[in-house]
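All remarks here apply to the structure that follows.
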Amino acid sequence: MKINRIDHVSINVNDLSEAKAFFLDLGLEVQAEWELDGKQLDRIVGLNDVKTACVGLGMPGGQAWIELVKFYTPSDEKGIQRPFANTLGIRHICFAVEDIEAIVAKLKTKGTEIFSEIQQYEESYKLCYVRGPEGIILELAEKIR
């Protein structure tokens, strides 16, 4: 028995169009779009009367992707949560990037929340945390060469 790779990370969103646009603007590409519903999906996710729309986004030639999911039914009664970097559970997605300064500047012009200015970690990385739509936390990491 072995794990071969991470296939995807799923992010539930309320505004699928806004989240899709955010990730497209970062440079990801749409790999697939689909809608799902029915009894089999209900059994898979352990909910009743499920109806979803999904967008799979990835890097050209990349293996793993981000799956944005909009649950039309049932809806989440709690609404959008805005976790902090230390909130328990799965908390952020890290992207290896080139030219972190340009990416952060671009995100700032679009009003994206930046947790801090770009920080250098030892002699290995420049790092910055940002908050995307609906509270999604991303870490941007540029390897120092």
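Filter the range 46-67 for residues that are open to solvent by less than 50 Å² (accessible area, probe 1.4 Å) and within 15 Å of ALA32 (Cβ to Cβ) and give the result.
THR52, ALA53, CYS54, VAL55, GLY56, LEU57, GLY58, GLY62, ILE66, GLU67
Would you confirm whether any residue within the range 102-116 is open to solvent by 60 Å² or more (accessible area, probe 1.4 Å) and at pLDDT below 90?
yes
Restricting the search to the range 33-51, which residues are in a strand (DSSP E or B) and farther than 21 Å from GLY132 by Cα? Reasoning before the result, please.
First, pick out the residues of the range 33-51 that are in a strand (DSSP E or B): 33-37, 51.
Within the range 33-51, TRP34, GLU35, LEU36, ASP37, LYS51 qualify.
Looking only at the range 11-29, which residues are assigned to a strand (DSSP E or B) and closer than 25 Å to ALA105 by Cβ? Before the answer, list the steps.
Of the range 11-29, the ones assigned to a strand (DSSP E or B) are 11-12, 29.
Residues satisfying the conditions are ILE11, GLU29.
Condition first: more than 10 Å from the chain's Cα centre (by Cα) and outside any strand (DSSP E or B). Now tell me which residues in the range 112-133 satisfy that.
Of everything in the range 112-133, those that are more than 10 Å from the chain's Cα centre (by Cα) and outside any strand (DSSP E or B) turn out to be THR112, PHE115, SER116, GLU117, ILE118, GLU122, GLU123, SER124.
Which of the residues spanning the range 75-89 are touching a residue at least 12 places away in the same chain (Cβ under 8 Å), open to solvent by 50 Å² or more (accessible area, probe 1.4 Å) and over 17 Å from PHE22 (Cβ atoms)?
First pass over the range 75-89, keeping only residues touching a residue at least 12 places away in the same chain (Cβ under 8 Å): 76, 79-83, 85.
Among the residues that remain, those that are also open to solvent by 50 Å² or more (accessible area, probe 1.4 Å) are: 76, 80-82, 85.
Listed by number, the residues that qualify are ASP76, GLN81, ALA85.
Is at least one residue of the range 76-99 in a strand (DSSP E or B), hydrophobic (A, V, I, L, M, F, W, C), farther than 18 Å from ILE11 by Cβ and out of contact with any Phe, Trp or Tyr (no Cβ under 6 Å at 6 or more places or on another chain)?
Kept after step one, since they are in a strand (DSSP E or B), are these residues of the range 76-99: 92-96.
Checking which are hydrophobic (A, V, I, L, M, F, W, C) leaves us with 93-96.
Of the ones still in play, those that are also farther than 18 Å from ILE11 by Cβ are 96.
Applying the additional criterion that residues be out of contact with any Phe, Trp or Tyr (no Cβ under 6 Å at 6 or more places or on another chain) yields 96.
Yes; the residues of the range 76-99 include at least one that is in a strand (DSSP E or B), hydrophobic (A, V, I, L, M, F, W, C), farther than 18 Å from ILE11 by Cβ and out of contact with any Phe, Trp or Tyr (no Cβ under 6 Å at 6 or more places or on another chain).
The values are calculated or read from the model by the stated rules, or taken from the named source; none is laboratory data. Since the structure is predicted, the reported quantities are computational estimates derived from the model, not experimental observations. Neighbour counts are summed over all protein chains in view; Cβ atoms, including those assigned to glycine, are modelled from backbone coordinates with ideal geometry. Each accessible area value is taken on the protein alone, full model and side chains, heavy atoms only, with ligands, DNA and RNA left out. Shrake-Rupley method; radii C 1.70, N 1.55, O 1.52, S 1.80 Å.
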